[in-house]
Structure formats: structure tokens, C-alpha cells
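This is the structure I have questions about; it appears just below.
The values are calculated or read from the model by the stated rules, or taken from the named source; none is laboratory data. Only a predicted model underlies this, so the values are computations on that prediction, with no experimental measurement involved. No Cβ is skipped: glycine too gets one built from the backbone with ideal geometry, and neighbour counts run over all protein chains shown.
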RNA sequence: GGCGGAGUGGUGAAAUGGUAGACACAGCAGACUCAAAAUCUGCCGAUUGCAAGAUCAUGCCGGUUCGAGUCCGGCCUCCGCUACCA
């Protein structure tokens, strides 16, 4: 048997073995407790990158560990397979998105298999499989029936490069999340999911997810953006009705001196007086053409125009000119803002520019503001003034009081406002799930009847990259009969956002072969919720919010019991090299294929787990990879050096161990304890690995001697193998076999530490004088505090430090430390 | 502007309020070798000292405590998210 560690041979051998034995196949028929482990599935872009290696290595440690701990672990893998890049590649290569996608999946699957990941490959799915997206169409129709999917005309985010609409969540910094092009607004008739119906529950439950990182929850809360305030009606002068505003600062109503409307406000033109029509409509036009990023930029100059009309302040009856202002947004609140220039910075700047009146209604504690000398708005809380009966009140209290007052006079209502908008899901692209709807001139919008599902995405499509969606240009697809009246009708040619597919794939993994409906409830309820979800932080408000929404919808539709999809969430850090995220454009990528070819996947896995804790960014370092490889070689060598000795060793007989053997065994069992604690719950894989390295450093110099020392060595090396198994499954499986074990390591349980073995016989106690380390004493474990104190006070070094001083106090911590507090004199 | 997170050796990082820097990378010295690689051994925060040791040191300033990298208050810097959200 060769003595050199050659990863390639053993890794292929064991991967084949696991695959043939279906080692990681799971079913629901077992007494073991279930554990659903999931890593975010990849987009089949072509090849896996280091981010995948890291994500799936982390997941695999958890999966293998939980299996060894006796759990029935569901650990599936699949492909987020619809999307733009496939279409772009097809246009470029004159091939088909399906061909490109399935070829990529095949290659990436082989790459993942080379990593030795413990997936149940029988549950693999790709979202572009007809068997997947057909059920999604059914979900859509059920949502449509309940009013949770609806169509409306509105201004939507338009990416000119991708030639498609984007959801709010997919606009990053004013640009497209995929191609970074500037996003503009376009008025279109589009499909939406009514996620706003769930705003309250989505927010509420962020306080019931202790297993999620706080920052992700905070991001979601900010995104949902709940604010408490008032809707207040401002009567129009000489008009029958009023303009409604939303404000969170009803304590400043007495200071409102004018009104600002969004240029898109539906009543903008109606309120404009005849003499101003021309200039106002020119202003509205100009704002519409300004792109969204510029308009919403912080430093964009505030600009507006007077409509010629006035409204009345409901509390002061003051006459307030009505303006249109470029900084007022139509899609937040009511699209109308009461302007309080003294207490809002935007209104202040606007008032200064157009010379509008300022009135202070909140005074800071111990100060008096004068409107004529103010250089900026005072936005903090303070004491009410110029506010009638509310004068003298704290402004925070006045919020409630004024809201009540307005409500009692039917001039306003307390309301809650959300920032969250409905999710626009229409995409004007081919490679996606067709929205199962038909348009009939007579019957209107008609859902495709269930028996006609699925609407199959046609294959024989021409990709030119021009003229919008290829589906819309395909007569044979578009033309159909109205399911309701039979007349000639047109099919919807938009497809669903790819985030729809990733919003429920984790449910389908529970029953991927189910033919009779969307989900097999018994199986889904057995597995759900996902016990541990692992993926990148970049999905904090996109995928992770949508998936929560879908879970609630499917619960309410009666398909599942779970309220929340993911009980615990781990967001792993990025892979960094030379100070920047690995990317092709930076030229700092390390290719997993060549890494695995050179060192084997065990080394690739080990380094990505050892170099940093999972949630932190990982700094890639080629020499560090060498170090991990070296460590595996040391394990390999040590096991082989001791092979004959340990194969013939008797079981450990605790009673007959000498002090050296007891010490060695103590180190072994302490390591078992440490690794177990680090992996379980904490996911501190780096320190877990470090502790095994330490153990190996201890074992390496140990000389063979008595039969009992060989017995301890055997226990030690078996433990090293077991403890390293979740991290580096191939080398450990191989060594396990070579050590003479007949049951494969993948069928073996996790070691338990021996409580008696970890008890120290002697401990080093630190002696401090006034908190500074002055000496160390070695004592028998269990030495009482009183004894410790006298031993410490008698210590030679301590004596020299306390000589001539008064001992004020002695603090003793058993087995740890003595602190002697002395005073001069 | 708002909200989060983080700041520890040359580097990646460790430390339930109790020995700061485990483990590793890099570096230095030595062993083996004709030589090199590999491997093994030792050293490896700063200042000072022949040494034993001493002093300083976890972004900065203060506080709580016998004792603070860790807890509290105030700043500085970096990163992330969000942002004319009324």
C-alpha cells in the first residue's frame, strides 16, 4: 500500500461508492429526527466559482455532521435555471437557451460531484423543467383567483438593455441588478403579486426569527418600511373636496404653510389655473423625462411650480399655495405632502427658493428659534408653540394628541404606511415561465383552465435580440381560442420573474416526483421548515423576502403548514483575493477545477473552511491552501506510520493507563468536546479544525511503548478521522478503511467525549497582583479557594511584589486565578 | 442623513468579564542533503535587558469592576444596506 497521499485516486473512488450506494438518499420513513439543510441553489452560468465552493463546503460540513449525529438529513441540490444570460448566450452563439442551460447544468453537476458533497441527487430539479414550472403556473392561477396576482397599468422600472421590466427590489442604486444600466420609468400594463397584503406579517415575523442574522432582519424591516402617521385632508379653497396628505409629523401641522404635490399627481392639471396651464404642463413633462436616479439623488436641486390654487390648513385655516415639486414621489404615501419649512429640511430649501412663509411651531429646549434667522430646519423634538391649545406640550406627546384631535373632527385619520410595493413579476423575455393567461376581446383576461396546463414554453423560437420578446413575435404561440367563449384570442407573452421560481423550490424538494399537484402536503409538512439555510447576503431583501411571502401564500392556499420557510439562516461572506471580490473583470479568480486537480477537493474544502469563520469574508491565499494540503499529508503520514501498531492494539483500559497515556487521552477527549461544540450551533469551523491540528501536534511526537499507549493512540487516531470526516470526507473515509474498519465512515456515528477523561489532574493557576500577571502556580485540580490563597501568598515571586504592602483583598477563582489587591504602606 | 456591522502582530485569525495573539500563513535559525526541494526542530507584538525580568500594547477618550479586546457612554475610521419615504 502506497505511503503517499494522492487525492485524485481516493476521491474518485469514494465519490463513486457514495453514488452507487445512494449513501445520502433520504426518505420520510424513519424514526430519526428530521433535519432539512439547504444551500441556495446556483444559477447554471457555466462553471462553479469559489463562492459556490465555499457555500457548499459549509453546507456539507453541517449535513455530514448532522447525519453522524443521528438526524435524517434532507440535503438537496438543483438549478435556478431560467433567466437572461441563457437568452443572451443563445443570441450570441446562435443556439438555444435550453441547450445552453442544460449543458451548463451537466458540467456544473460534474463539478459539484467532484467536491464530494452529500446531496440526495435523486431530488435534483431545474426550474426550467416542465415538471417544475407547470406547478408554478398552477400557483399563479390560484393566486389570480384570490386576487393575489393582478394586472395594472403603472409606472414601472424599465431596463433598456435587458428590454424588460424590473421589480423595485431589482433596482440597485438606480441601475439594473444584472447589467447595471440606468433604469427608467415606463408606463406599462403589468402583472403584480400582492405582497403588500402580507406587509404586516412579514414585518411582524422578523421579530420571531431568532435564527436569522440581525442585519438581514433589519434590512427587511427597512425595506418593508412601516411608519406610523396620519392622513390629513386639506380642503381646497373654493372647492368641494380636499387634498389628502400622509405625514408622520402631525405635530407640525400648525406650521404647514404650503402644499407640495408629486408632478404625476392625478389632480395636478385639474388644480392648475388657466393662466398657468402651459408652464405647469411643461414642468410635468420635464420631470417625467428626468431619469429616476437623478431625480431621487440626494443633491438634486429642489424645484417646483405654483399651480395657482390654494388649500386651507385644517387647524389654522391659513391659505396654503399648492405647488408641484420634483422631490415629491407619487408612489409613497398619497403623493401629496404638507410643507412645514421650519421643521423639514426639504421644505425649508423649497421655501427659501420660492420665498414662502416660515412659521416655527416647535421650539428646542431652552432656545427660541426665529424664522428670519434660521439657516436650516429644526427637525428634532421639542416644545410646542404657535399651536393653539397644544402649546407647551412636548412635541412627541403632541403627535398623539393632534392625531386624536384631527380624528375627532373628521379632518384626519391615524394610518400606517408601508414602503413596500407590490412585486412586479412580468418580464418581456423568452427564457422564463409563461404567465398562464389569455386575452379575449369579449371576455377580457381569462386564466388558462387547469386542464389546459401547462402552457409549454415553445422550443422553435428565433433569437435575434431585437424587437422585444421572441414569444410575442411567434404567431403560433400568441394565437389561441378564448377558453371561455371560443373566439379568437391572444396569449400572454410575458414570462414570470426568475425570483418566482426560487420562492418555492425548497418546498418542491420535499416531493420532487409528485405528479398529482403542486405539493404533497404530508411530505412537505414532514420536512418543513428548512432547519438551516445557507447563502450569500446579497439576497437579504430579494429572494429571502419573496420566499417568505410565498410560504405565507401557500399556507393560506392550504398547501403547507409552515409560516416561515427558514428557521435558521447563515449568510456566508464573500471570497476575496488581493483586496477585492473575486471576479473575471478584476482578474483575480481562482478556478475550482484547477485547484481540485492540483490538491484534491478535500484540500479545497479544508482551506475554505479553515481560513475564516463562515459569515466573514474569506481572504484567498495560495500559500494557505498549501498549508491545508500539508495538514492532510501529516494526518495521512501519521496514520500510516502507526498503522501496524494500532491495528493490533487492544481496547483502552482506563484503569491501567499511566500518567502520559492519561494526558494524551485527555487531549483527545477535550478535542472531541471542542469540535462538537464548535460545529454544533456555532459553526466555528475554523477553530474546530485548529483544535484538531493542535491534537495532531500533540500526537505526532508520542512514542510507541506499552500496549496501553498503542490502545490510546488508536483511539486518538480514530477520533481524528471521525472529527475531520465532515470537513474532508474522502481522505478520512480512506484512512478509516485502511485502519481496518469494515463499516464505512459515512455510516458511522459521531464520537462522544468521555466526561471522566476530560477532567484535569493538575491545573495552572494564574496569580495576579493588582490585576497584573505576576506568577503561575500548578496545583492539583480541585484545590480549594482557601488553599489557593495561601499558596499564592507564599509564592516567591508574589512575595517580592507584595513585600511592605498591605493586602486589602484576595480574589480566588477555583482552578483559574488568584488576584491579590494590595495597597502601598 | 438614517440603520446595521467591524476595527487585535508582517498576514488570515483565536480568546463563557479572568494568562491577549490558540491554530495557520509568511519570515528567521538549525537538522537531514554533495546541493536543493520536501520533511522535522526551535524562534517569531513593540521597547529595554547578557539574562531572569520589566514596561507598553486589542482605533481614540472616559466610566463600571479586584480584573475590560470583551460591559457602558462619547468620538474617529472603514465596510454594508438604505435614502428628497414626507
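Residue-by-condition table, conditions (1) out of contact with any helix residue (DSSP H, G or I) (no Cβ under 7 Å at 6 or more places or on another chain); (2) under 29 Å from residue A:400 (Cβ atoms); (3) in contact (Cβ under 8 Å) with a residue 40 or more places away in the chain:
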| residue | (1), (2), (3) |
| --- | --- |
| A:268 | no, no, yes |
| A:275 | yes, no, no |
| A:286 | yes, no, no |
| A:304 | no, no, yes |
| A:329 | yes, yes, yes |
| A:335 | yes, yes, yes |
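Could you list, in sequence order, all residues of the range A:494-507 that are within 20 Å of the chain's Cα centre (by Cα) and either assigned to a helix (DSSP H, G or I) or buried (at least 24 other Cβ atoms within 10 Å of the Cβ) (or both)?
So the first thing to find is which residues in the range A:494-507 are within 20 Å of the chain's Cα centre (by Cα), and the list is A:497-507.
Answer for the range A:494-507, where residues must be within 20 Å of the chain's Cα centre (by Cα) and either assigned to a helix (DSSP H, G or I) or buried (at least 24 other Cβ atoms within 10 Å of the Cβ) (or both): A:497, A:498, A:499, A:500, A:501, A:503, A:504, A:505, A:506, A:507.
Follow-up. Could you please find all residues in the range A:784-802 being at pLDDT below 85 and either closer than 24 Å to residue A:758 by Cβ or in contact with a helix residue (DSSP H, G or I) (Cβ under 9 Å, 6 or more places away or on another chain) (or both)?
A:802, the sole residue that qualifies.
Inside the range A:726-825, counting only helices (runs of 4 or more DSSP H) that do not spill past its ends, which hold 1 or more residues that are under 30 Å from residue A:26 (Cβ atoms) and more than 9 Å from RNA strand B (Cβ to nearest atom)? Outline the logic, then answer.
Working: elements: A:729-738, A:785-794, A:796-802.
Of the helices (runs of 4 or more DSSP H) lying wholly inside the range A:726-825, those with at least 1 residues that are under 30 Å from residue A:26 (Cβ atoms) and more than 9 Å from RNA strand B (Cβ to nearest atom) span A:729-738.
Out of A:187, A:172, A:163, I need the residue that is more than 22 Å from residue A:430 (Cα to Cα) and either within 31 Å of the chain's Cα centre (by Cα) or exposed (fewer than 14 other Cβ atoms within 10 Å of the Cβ) (or both). Which one? Explain how you work it out, then say what you get.
Numbers: A:187 fails: more than 22 Å from residue A:430 (Cα to Cα); A:163 fails: more than 22 Å from residue A:430 (Cα to Cα).
Among A:187, A:172, A:163, only A:172 is more than 22 Å from residue A:430 (Cα to Cα) and either within 31 Å of the chain's Cα centre (by Cα) or exposed (fewer than 14 other Cβ atoms within 10 Å of the Cβ) (or both).
Only one of these conditions is not met by residue A:218: (1) more than 13 Å from RNA strand B (Cβ to nearest atom); (2) farther than 30 Å from residue A:463 by Cβ. Which number is it?
The number of the failed condition is (1).
Just a yes or no: is a residue in the range A:282-305 more than 13 Å from RNA strand B (Cβ to nearest atom), more than 30 Å from residue A:420 (Cβ to Cβ), over 46 Å from the mean Cα position of the chain (by Cα) and exposed (fewer than 13 other Cβ atoms within 10 Å of the Cβ)?
no
I'd like the full set of residues that are touching a strand residue (DSSP E or B) at 6+ places or on another chain (Cβ under 7 Å) and either within 8 Å of RNA strand B (Cβ to nearest atom) or modelled with pLDDT of 95 or more (or both), limited to the range A:340-358.
A:347
Which ranges mark the helices (runs of 4 or more DSSP H) fully within the range A:633-702 that have 1 or more residues being closer than 29 Å to residue A:608 by Cβ, more than 15 Å from RNA strand B (Cβ to nearest atom) and out of contact with any helix residue (DSSP H, G or I) (no Cβ under 7 Å at 6 or more places or on another chain)?
Values: elements: A:643-647, A:659-677, A:685-699.
Helices (runs of 4 or more DSSP H) meeting the threshold: A:659-677.
Which one of these is in contact (Cβ under 8 Å) with a residue 60 or more places away in the chain, more than 14 Å from RNA strand B (Cβ to nearest atom) and more than 29 Å from residue A:309 (Cα to Cα): A:393, A:384?
Numbers: A:393 fails: in contact (Cβ under 8 Å) with a residue 60 or more places away in the chain.
Just one listed residue meets the conditions, A:384.
Right, here's the next one. Does the range A:359-373 hold any residues that are within 21 Å of residue A:394 (Cα to Cα) and either within 11 Å of RNA strand B (Cβ to nearest atom) or assigned to a loop (DSSP other than H, G, I, E, B) (or both), and which are they? If you could, list the steps in order and put the result at the bottom.
Step one: of the range A:359-373, the residues within 21 Å of residue A:394 (Cα to Cα) are A:359-371.
A:359, A:360, A:361, A:364, A:365, A:366, A:367, A:368, A:369, A:370, A:371 - these are the residues of the range A:359-373 that are within 21 Å of residue A:394 (Cα to Cα) and either within 11 Å of RNA strand B (Cβ to nearest atom) or assigned to a loop (DSSP other than H, G, I, E, B) (or both).
If you don't mind, there's one more thing I want to ask. State yes or no: is residue A:255 within 13 Å of RNA strand B (Cβ to nearest atom), within 27 Å of residue A:362 (Cβ to Cβ) and in contact with a strand residue (DSSP E or B) (Cβ under 7 Å, 6 or more places away or on another chain)?
Working: within 13 Å of RNA strand B (Cβ to nearest atom): yes; within 27 Å of residue A:362 (Cβ to Cβ): yes; in contact with a strand residue (DSSP E or B) (Cβ under 7 Å, 6 or more places away or on another chain): no.
No; evaluated as a whole, the condition is false for this residue.
Given A:675, A:712, which one is within 30 Å of residue A:56 (Cβ to Cβ) and touching a residue at least 40 places away in the same chain (Cβ under 8 Å)?
Testing whether each residue is within 30 Å of residue A:56 (Cβ to Cβ) and touching a residue at least 40 places away in the same chain (Cβ under 8 Å) leaves just A:675.
If you go through the range A:598-622 one residue at a time, how many are more than 9 Å from RNA strand B (Cβ to nearest atom), assigned to a helix (DSSP H, G or I) and touching a residue at least 24 places away in the same chain (Cβ under 8 Å)?
9
From the set of residues in the range A:22-51 that are at pLDDT below 95 and not in a loop (DSSP other than H, G, I, E, B), which is surrounded by the fewest Cβ atoms within 10 Å (Cβ to Cβ)?
Looking at the filtered set, the residue picked out is A:51.
Still on this structure, I have one more. If you go through the range A:450-493, how many residues are surrounded by fewer than 13 Cβ atoms within 10 Å (Cβ to Cβ), under 19 Å from residue A:143 (Cβ atoms) and within 33 Å of the chain's Cα centre (by Cα)?
Of the residues in the range A:450-493, 0 are surrounded by fewer than 13 Cβ atoms within 10 Å (Cβ to Cβ), under 19 Å from residue A:143 (Cβ atoms) and within 33 Å of the chain's Cα centre (by Cα).
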